[in-house]
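Right, one structure below, let's go through it.
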Amino acid sequence: MNKVLISNLIFDSKSIISYSITAQPKITTDFPKILAMTIAIETDPNTGFKKFNTRAAKATEKISGKGYSVINNSELTSLPEPPPGAVFNAEEQEKYRKFKEDRRGAADYMNLEGEFSKYLEDVYSAPPVERESLTDECEIVVVGAGFAGLLLWYKLQHAGFKDVRFCEKGGDVGGTWYWNRYPGIACDVESYSYLPLLEEMDYFPTMKFAAGFEIMEYCQNMAAKYGFYDRCLFHTTVEETAWNEDTKRWTVKTDRGDAMQARFVVLANGILTTPKLARIKGMENFQGTAFHTSRWDYNVDLTGKRVGIIGTGATAVQVIPEIEKVVKELFVFQRTPSSIDVRDQRATTQEEITSWSKEPGWARARRERLAMISSGRTALKGNDDFLSGKVDYSKQRKQHTTKLSQEELIQKQLNTNFRIMEQIRARVDQIVEDPKTAAALKPYYPYGCKRPCFHDEYLPTFNKSHVTLVDTAPLGVTEINERGVVHEGKDYPLDVLIYATGFQWMATSTFNMITGPDGQTLQDKWKRNGTKTFLGLHSHGFPNLFIISGPQGGGGQFNFTRVIDAHADYVVWMLKTIKDKGAATIDVKKDAENDYAAHCREADINTQPLRDCISYYNGHGDGEPGSLAYYGGAKKWHEKRQEAQEKMEAYIFGEGN
């Protein structure tokens, strides 16, 4: 009779003892099911910690694709020169103001509940691996298995923290790169600076702007190399995290029946975590196939189909040039045009790989040089000569004989941004043949106010006879029937309707699961008193809780990998500090939090003219100043972080269990 070792208990292969919390041990002969369920969680005999095997299989091999193509056409990979005398004068400012005000309040975004919850279903993985619920203790629970979770685990284990668990709602690692696997997906920050741990992984991205599918595979390789899969509970959504003052522990409850007790909780679930849909009359009546781009249905063959896509933001700009190659007809429903800048994609050269192989720390040095660039467009284009250290950026910058005031600096940047937007608008005229379509594709807002987009095939798409731009400005699509979209009394019959409507940006609704010692949720605190954190990493009254790349968290400029890296270093530093002090808890003083929140508000207000449009960057025009991203600049955030670490005056270290 064969015997199997499971969780330090020996059972024979014909019968197995199955334990229940509410019942006495019983004998069952359903061995395969119990075996599969039990193997998902076992105890490492060397460490005594739980090991997990809950990574889900890929749903279908159809999930594959490419990112930006290399385009060898200089007319498509360069911007026209700015028109002479381009000045952001009162006339142009009024044009921008009207463009903004016409669109204010147009979108009514809704919660994806009830019949709309289908847009949240995981279509990328097989069904969840069956496992038992966990009610034991661990030192650290981290929510999220994207870049932040992966990088944090790398740093935690190197600092000696081993009793760490991760909860991830998806079936695999990757975070945003797990959920976004639509055709054409690619990173808009150069991959040599964006991908973490490139030197440690001995990896060189194949393209300057890596495809999302390559990034997803890279995440999987990181997880495998550093033992992350053994630490992560996949298809596990944290539903409630409540502080127990008696035990000085967080009780972390999930949709899998877990109620784990953790000393520390780290929220690393990202800044764009929840898909959003605008409420459109009749959308539930559509009889064709509909899905959100973050849940791309690869079982739907678009070949020869009439396809509509609602939205022309960063996702749609990447999707549209890919799907137009196979569809019969494509209708693009646009409310607000994006700024479409040059991408100029290229492959990584062998010369670069040879050079970087001889340069220790090449990727981190490149990332730090990228952070030195103050211009968003310059940073996102990623000048290779500067980023490789061949050119000194400081020598290229214009030096002013007198120091400019804050207002003068903002106006100078607005003038520069206006000239860039004039070039981008001229590019539309240069490429798009139909004057009416070209006019609709021109954006009128400050450069960078909405997320900048880059593509060399997007604009030419609108010269194709089977592609139609439907300009729905300023209110967007207002009606959908069983056949398709209705706009201005005209029916657009569709077989497939794709929502490219984006994500919630740093929405405080994602913090309604955190309940502090006084019974107040983090969301309620911020609703009542305004968003208040210290460095974006702590919030007063919520001990032993850390937030990575959340509201008011700075440190990275245009590359969020640098933010994540800085925040992860800080979390590890604080955990080591707590350990060295023999403390049980860490909180921050209310005054320190109030001062930092006031600083965030002031920085937001001072730079508000740069975001004077309807954008998720400013809560679609309704965000309270200081409540979303940190706008004080990476240098200032790091100064405040360093000051806090040196003086230690902002922290409250508590005794206890």
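The values are calculated or read from the model by the stated rules, or taken from the named source; none is laboratory data. This is a predicted model, so every value here is computed, not measured. Methodologically, a virtual Cβ is constructed for each residue, glycine included, from the backbone with ideal geometry; neighbour enumeration extends over all protein chains shown. Only protein heavy atoms, including side chains, enter the accessible area calculation; ligands, DNA and RNA are left aside. Shrake-Rupley method; radii C 1.70, N 1.55, O 1.52, S 1.80 Å.
Quick notes on this structure:
- Criterion (open to solvent by 40 Å² or more (accessible area, probe 1.4 Å) and in contact with a helix residue (DSSP H, G or I) (Cβ under 7 Å, 6 or more places away or on another chain)) met by exactly one of Leu272, Leu277: Leu272
- Among the candidates Asp569, Asp591, Asp595, Asp587, the residue that is open to solvent by 20 Å² or more (accessible area, probe 1.4 Å), under 21 Å from the mean Cα position of the chain (by Cα) and within 21 Å of Pro543 (Cα to Cα) is uniquely Asp569.
- Lone qualifier among Lys590, Lys576 - being without any contact (Cβ under 8 Å) to a residue 60 or more places away in the chain and more than 19 Å from Ile271 (Cβ to Cβ): Lys590
- Among the residues listed as Phe213, Phe204, the single one being in a loop (DSSP other than H, G, I, E, B) and either within 15 Å of the chain's Cα centre (by Cα) or surrounded by fewer than 23 Cβ atoms within 10 Å (Cβ to Cβ) (or both): Phe204
- Filtered by the rule that a residue be open to solvent by 20 Å² or more (accessible area, probe 1.4 Å) and either basic (Lys, Arg) or without any contact (Cβ under 8 Å) to a residue 40 or more places away in the chain (or both), segment 216-245 gives Glu217, Asn221, Ala224, Lys225, Arg231, Asn244.
- Here Thr607 clears all of (1) in contact with an Asp or Glu (Cβ under 9 Å, 6 or more places away or on another chain); (2) closer than 21 Å to Met372 by Cα; (3) among the β-branched types (Val, Ile, Thr) except the condition numbered (1).
- Qualifying positions in segment 45-66 - touching a residue at least 40 places away in the same chain (Cβ under 8 Å) and charged (D, E, K, R): Lys50, Lys51, Arg55, Lys58, Lys62, Lys66
- The set of residues from segment 154-201 being assigned to a loop (DSSP other than H, G, I, E, B) and of a type in the set (Phe, Trp, Tyr) comprises Phe161, Tyr182.
- Segment 592-642, residues that are of a type in the set (Ser, Thr, Tyr), part of a helix (DSSP H, G or I) and either at pLDDT below 95 or within 30 Å of Thr312 (Cβ to Cβ) (or both): Tyr616, Tyr617
- Search result, residues across segment 340-364 that are of a type in the set (Gly, Ala, Ser) and crowded, with 16+ Cβ neighbours inside 10 Å: Ala363
- Any hit, segment 495-515, residues being modelled with pLDDT of 95 or more, surrounded by fewer than 19 Cβ atoms within 10 Å (Cβ to Cβ) and outside any loop (DSSP other than H, G, I, E, B): no
- Within segment 85-125, restricting attention to residues that are aliphatic (A, V, I, L, M) and part of a loop (DSSP other than H, G, I, E, B), the residue that is farthest from Gly65 (Cα to Cα) is Val87.
- Test: residue in segment 273-282 that is more than 30 Å from Trp153 (Cα to Cα), of a type in the set (Val, Ile, Thr) and assigned to a loop (DSSP other than H, G, I, E, B): yes
- Selection over segment 460-485 of residues that are surrounded by fewer than 19 Cβ atoms within 10 Å (Cβ to Cβ) and either part of a loop (DSSP other than H, G, I, E, B) or without any contact (Cβ under 8 Å) to a residue 60 or more places away in the chain (or both) gives a count of 11.
- Figure legend. Inter-residue proximity from segment 141-169: first residues at positive phi, second residues surrounded by 22 or more Cβ atoms within 10 Å (Cβ to Cβ), beta-carbon distance below 6 Å, spacing 6+ or different chains. Indicated pairs: Gly144/Ala268; Gly144/Asn269.
- On the stretch given as segment 94-122, residues that are modelled with pLDDT of 90 or more, closer than 30 Å to Gln423 by Cβ and open to solvent by 80 Å² or more (accessible area, probe 1.4 Å) total 4.
- Exactly one residue out of Thr354, Thr312 is part of a loop (DSSP other than H, G, I, E, B) and at pLDDT 95 or above: that is Thr312.
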